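Encoded as structure tokens, the structure appears first; notes follow it.
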Amino acid sequence: MTLTAVLTERTELGQGLLLRVQARPELLACRPGQFLLLRCGPDWTPYLRRALFPVDAGHDSLVFWIDSLADEGIAWLSRRRVGDVLDLIGPLGKGFALQAQQRRLLLVGQAAQVAPLLALMQVQLSRQGSVVLLLQAPTAAALLPPGALPPSVEYYTATDDGSAGSADALDSLLGEVTPWADALAAAGSPAFLRQVQRRIAATRPEPYRGFAQAVAPVPLPCGSGACLACLVDTGRGHHRACQRGPVFDLAELVL
Ligand code: FES
């Protein structure tokens, strides 16, 4: 479904930009892990759309965090002004599913892919659940500033250059926090998700199917099942992430 939404707020956050749009009820139905295709150029060609995951869906607005300004389309989006009208398709795909009894949520992500985890964080906090966020980035500057997170969220970081937690801090943090959690959600590169898979397998002796979910690390250019750019190997065949995902059980993903 193609919809329009007015940009109501632009706020700098870390190295990126928060964009808030006034959303209609159809857009507010977007669940954590679902995505929208935003037109990111002056023309109407669908190839200029980018898949974006909202970081929050409030009472009447959706919020996006964009930081990859090296991408031409995202850079175009970052130049939109308050009052501009954005063109969106969605919500698309299948998002995260949290069971009522899952009260202790561990979020593990790379900063560039953290958006769907932040949306899930909001849902978990709204139902009085606990949240720990482990975030990895190349440098401290690429991380989310701690002040951007609700005070009740425990926040730990690891950086490649050691400027905010050493590069191997993620592995030891995962080892410490995974036994505490009764649900885990992850987002990052294939190598990053493989590391999370290995650490879960080493930490939790019981089979963990259903415990951990992850956003498949694939492009989502069309969102309609037509282009096949989003194929994901689940070990039982290849599936379109835009249709069956993009959120999968982490145990299913062959990375
Ligand atoms: S994004 Fe095109 S088939 Fe899934």
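The values are calculated or read from the model by the stated rules, or taken from the named source; none is laboratory data. Source: prediction; values computed, not measured. Please note: Cβ atoms are built from the backbone with ideal geometry, for glycine as well, and neighbour counts cover all protein chains shown. The area values use the complete protein model at the heavy-atom level, side chains included, leaving out ligands, DNA and RNA. Shrake-Rupley method; radii C 1.70, N 1.55, O 1.52, S 1.80 Å.
Annotations for the structure displayed:
- Test: A216 is farther than 29 Å from A100 by Cα and either surrounded by 15 or more Cβ atoms within 10 Å (Cβ to Cβ) or within 16 Å of the ligand (Cβ to nearest atom) (or both): no
- Candidates A141, A137, A187: the one that is in contact (Cβ under 8 Å) with a residue 40 or more places away in the chain, in the same structural domain as D233 (by TED's automatic domain parsing) and buried (at least 21 other Cβ atoms within 10 Å of the Cβ) is A187.
- The range 112-134, residues that are in a helix (DSSP H, G or I), among the small types (G, A, S), touching a residue at least 24 places away in the same chain (Cβ under 8 Å) and surrounded by fewer than 22 Cβ atoms within 10 Å (Cβ to Cβ): A112
- Qualifying residue in the range 71-79 (condition: in a loop (DSSP other than H, G, I, E, B) and either hydrophobic (A, V, I, L, M, F, W, C) or more than 18 Å from G33 (Cα to Cα) (or both)): yes
- When G175 is tested against (1) within 20 Å of the chain's Cα centre (by Cα); (2) modelled with pLDDT under 95, just one condition goes unmet, and that condition is (1).
- Filter result for the condition that a residue is more than 10 Å from the ligand (Cβ to nearest atom), outside the structural domain of L37 (by TED's automatic domain parsing) and at positive phi, over G210, G223: G210
- The residues in the range 96-111 that are in a strand (DSSP E or B) and farther than 21 Å from F35 by Cβ can be counted, and the count is 2.
- Counted residues, the range 12-55 - those being part of a strand (DSSP E or B) and open to solvent by 50 Å² or more (accessible area, probe 1.4 Å): 4
- Unmet criterion (only one of (1) assigned to a helix (DSSP H, G or I); (2) among the hydrophobic types (A, V, I, L, M, F, W, C); (3) farther than 22 Å from G95 by Cα) for A191: (3)
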